[in-house]
Every structure is written in structure tokens, then in C-alpha cells.
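These notes concern the structure reproduced below.
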Amino acid sequence: MPDEHQNITMFQFFEWYTPADKKHWVRLKEQASLLSSLGLSAIWIPPPMKGCSEWDVGYAPYDLWDFGEFDQKGMVPTKYGTKDELKAAIDECHKHGMKIYLDAVLNHKAGGDETEVFKAVAVADDDRHREIEEPHDIEAYTKFTFSARQKKYSDFEWHHHHFSGTDWDARGNRKAVFKIVGENKSFAEDVDGENGNFDYLMCCDIDYKHPDVVTETEKWAMWCVKEFGIDGFRIDALKHISFGFITHLLAHVRKESNNPDFFCVGEYWKQDVNALDSHLENNGQIHLFDVPLHFNFARAGREGPSFDMRTVFDGTLVRSSPESAVTFIDNHDTQPSQDLESYVEPWFKPLAAALICLRFDGYPCLFYGDFYGIEPKSPEEPHTAIQGRKEMFSRVLLARKEFAYGAQMDYFDHGNCVGWVRFGDELHPHGLAVVMSNSESGFKKMDVGKDKAGQVWVDMMGYWKDPVTINQDGWGKFHCHSGSVSIWVEKEEGKHWITVEDPSPEDQGKRDKEEQEARDLQSKEDQDEKDKASKEQEFEAEHPDLPKPLDDGWEHLLEDDKPKDDEHKEENKKN
């Protein structure tokens, strides 16, 4: 169970193609003990509200108050299960000391129950300020009555005046971005400026200028806290929602729940770190996903040896605002076949995992699809499945849990091979050393501290077989294989770090060759040192033709060297 002195780590417990078998909350309950044992401190759960169908991932929400309790949209459970199963899973996670962050989809609603007729005007896709026609009547599914719920938890019904826009005119059988016209109706101004104004994203866009909408959302957020004991939100589509409203909502929840540490991380999908930093300047009470770092990882994986590893943190949130950065490798949007697909190459995943989990800055979040695997896109496309790498990520998580503490010393001095050292702290004194290469096998000579002199260190990933002995000055020569990462820690009695992934015979042969070359090089260096020491010793050795060294120093030598005749002459002069 995580304690207050342990590193914090988040886990995204779903991927886009998670089976719609209504057993996902059961899986979470079953996996809670394992995830906690690996040092995970928080679980990000998928949107639990009722969507438009039994296959809905959760990002087309119909009823925020239905977490798998009412017979709506053709089913009682959601894709993930029932409300009671969710509560049981949350309770199990809490029992193991892990917090729960709920994916709050607050930008829009989908699947309205009835149509309404109202005035709207179509705007340009690339410039939402520019109206491309005159206002006119359209018919859209903007009426939400939730008749099956029968006003349990909330009697609020949604109508067109609670929204600022929609994308379908049923009367004209036409798709466009329609801005709803009426008193105090406009897109929110405090949103991202892409496309002129990026308030509108999809479906029925919620208008947080309407006071009844604000009150309803406040009520729902507090219900989540009280009914399920959630510890934070992941805000979907943050750049499309009024920044002022999100700030207000978080302040409300923190005050009403008497929990000033109620967590929140926003999905602000921008590669430009300046946009993220600008948002944080106006809303410092939120974390953001480090989208630029993800794209650096994706580029590093594609470019291979031509990518300069010294620049991997350039232009990232973890560098500019580390206290607010949630770092990640991939997520449900970046996985293959998604609109934002930018999947990090498999060979680079272990390097990326070390870069987010074993350094001082950032709040790392690992992805279900990387850990457990990604399901096929469809039964007809089994080739789209991707195998999980639970063993590899588990080893990195254990390194974070046990060793990645204390001050950090970087060795980012080569374009292909970088490393760093964590020196440990009072409660975790062992520390670790990390070295990685995106090209040929490499090594770093790194200082782990004089207090570690004489220790034997091993690669806990099990990749590099030969140990390293720390010299009397606290330095060690730490290796890694080509396109790989090694995590070096002190060897412990009775603990053997076997390799986390069995390589192919070809890769194993390459690794064996790299290690033998390193041994041969080390043997040559050791012999050169011996030869050098031998020559120095020969030069300094006693020689029969040289005088014996004097013990009394140079002054004594000068006195003894004075000729006796000279001494008599001096005495005669005095007389």
C-alpha cells in the first residue's frame, strides 16, 4: 500500500477498445492489489456515465447521473458495468491506498431524447467567428428528459437554451457547426483560440454562461464525491470549455468537500508548451498532461539514432512547469486507429517509461494499453491487437517505488546515449543509475556517491548481465544495449533480476556480442592501466647509481654540502 513517503504514480485503467463486456469494473477490483503492489497511487477510470450505446467509450455522454443504474439507451449497465460494481471497485482501490480520478466529460451531451426548433446560424469550420449564412430555424436533438431515471438524483431537464451550439439540423438533414441564437447566447470567449474560437467541439455544446447549468454541474460533481468517494477529476476536452467555469467548479468542490487537495488534471491537447503555460498562469490549481513530451517521444521513436536524446525534454511542460505536468507515453486517443493517433514506437517504450518514471520531475501516468495490451479494433481485424508489456512496465514501476528518490545528477552529454543518477534519500538510501541509448550499445561513467564505494550494482531490467563494482571514489561504468535502457541498482543478497522480456534469438545474439565487446574493451583498458602503473613504478624505483633519499629534508642537505675548506676560510676572515 502506498505511503506518504512513496513516489506517486497514476494509471489510466482503460484503452479505446476495452471489451464492451460490462466486466471492466470487476477487472479493476481484481487488479487493485497488483497495481498497488507496484507502487501505483492513483487510478484514472474511464467516463462512467451512460453514453449513447453499450459500446460507447464514455465520450458521448447522455446522462451524467446514470453510472449503470437505469434502463436507458437500451441497457442498464454501461460498457464497463453497473453502478454497484463501480462502487465495489473504488472501495477496493481505496482499501489498497489508491486514489480514484474520474474522467469528467463536461463539454457536451449526446443522444437527446427529443428535437426542438430554435434559431441558429452556421459558422465556418476554420473561423467560428465568421457566420456563413443568416440565422434561421433548425431542428435538433437538444431536449434531454431521462424518463427512465424518473428524476432520481436530479429533476433537471436540458433544452436548447442550455447549449451554445450543435452540429445537426434534422429539419434540413444537414451537418454543420451551428451557433445557437438567442439572449445571452454566444460561444465562450475564455477557450482556446484555435479556429478563431474553439468552444465548439461536438454534439450539443454545453453553455456554462447559463446559471442553471452551472448549478446542475456543481450538484453533480459533489454527488460524485459523496456517492463514490472520488479523489479527483480528469477533465476531458479542457481547451473547449470555459476556463473560468472549470476554475469555479474546482473551487466549489474543494470548499464543499473540505478537501483543498482534490486533484484535477486537464486534457489540453496542444503541442505548443506556451499555450499550456499560459493556461496554467490563469488556472494554477490544475495539472495538465504533457502533450509536447508525448510528441517528443513519438518523434524519437520514429527517428531512431538521428534523434538527439539531449533534446528529449525541450519544449515540454515537465521542463517549464514541472510541478503541474502529468507525463505520459500514450493514451486512448494516441493509440492506433484513433483520430489523434501518434503512437510511440514499441522499441522506445522502455526508454520513455524510464524518462517519466525515474526522474525527479513530473507526475507519471501509465497507459492500460501499454500494460495489459490493446484489443483488436474489431473481430474482423485481429491483426490490430497489440500485446501488453506488463513485465517490463512492472520492473520500471518497482524501480520508481523502491529506488528513484533524492537528488538527481544528469549526464545528458551525448546525442545518442544519456544517463542520470538518483542518490536516494533518508528513507530510500540506495538510489539508482539509468543509462539509455537510441543507437549502438553505450555506457556512462557516473558518480553515485562515495558512500556507495565497493558496492556491486546490477541491471534490474535484466538486460545487461555483467555487474558493475563502484570504485573508491564512488564512480561506476554503467552500460546499456543498443536501443535499450538499463536501470542499475545495488545487488541484494538473494535477489536476482532476470530479464523482463525474452529477446528473439537474433536480439540475444546481438546482446551477447555487445557485452563481449564491452568485456574485451574493459580488459584492454584494465591492461593499459596496469602497463601504465608498471611504467610509473619502474621510473620511481631505486637505482644503484642514484643517491639514497634523505630523511631530514633539503636544509640538512645544503648544510652538509658546504666544503670544509670554505668553513675554515670564513673563520680566518672573522679572526
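The values are calculated or read from the model by the stated rules, or taken from the named source; none is laboratory data. This structure is a prediction, so every number in the text was calculated from the model and none was measured. No Cβ is skipped: glycine too gets one built from the backbone with ideal geometry, and neighbour counts run over all protein chains shown.
Brief remarks follow.
- Some residue of region 402-423 being assigned to a helix (DSSP H, G or I) and surrounded by fewer than 19 Cβ atoms within 10 Å (Cβ to Cβ): yes
- Restricting attention to region 466-492, the residues being closer than 21 Å to residue 523 by Cβ and modelled with pLDDT under 95 number 0.
- Out of 430, 383, sole residue that is surrounded by fewer than 17 Cβ atoms within 10 Å (Cβ to Cβ), over 30 Å from residue 264 (Cα atoms) and over 15 Å from the mean Cα position of the chain (by Cα): 383
- Wholly within region 89-201, strands (runs of 3 or more DSSP E) carrying at least 1 residues that are closer than 30 Å to residue 262 by Cα: 99-104, 163-169
- Residues located in region 483-511, provided they are surrounded by 18 or more Cβ atoms within 10 Å (Cβ to Cβ) and either of a type in the set (Gly, Ala, Ser) or touching a Leu at 6+ places or on another chain (Cβ under 7 Å) (or both): 483, 484, 485, 486, 487, 488, 489
- Residue within region 428-438 that is among the polar types (S, T, N, Q) and outside any helix (DSSP H, G or I) present: yes
- Residue match in region 443-461 (condition: more than 17 Å from residue 421 (Cα to Cα), touching a residue at least 40 places away in the same chain (Cβ under 8 Å), in contact with a strand residue (DSSP E or B) (Cβ under 9 Å, 6 or more places away or on another chain) and not assigned by TED's automatic domain parsing to the domain that holds residue 356): no
- So residue 495, is it modelled with pLDDT of 95 or more and either touching a Pro at 6+ places or on another chain (Cβ under 7 Å) or basic (Lys, Arg) (or both): no
- Residue match in region 367-384 (condition: touching an Asp or Glu at 6+ places or on another chain (Cβ under 7 Å), under 18 Å from residue 14 (Cβ atoms) and among the aliphatic types (A, V, I, L, M)): yes
- Check on residue 366, buried (at least 17 other Cβ atoms within 10 Å of the Cβ), assigned to a helix (DSSP H, G or I) and either hydrophobic (A, V, I, L, M, F, W, C) or touching a Leu at 6+ places or on another chain (Cβ under 6 Å) (or both): no
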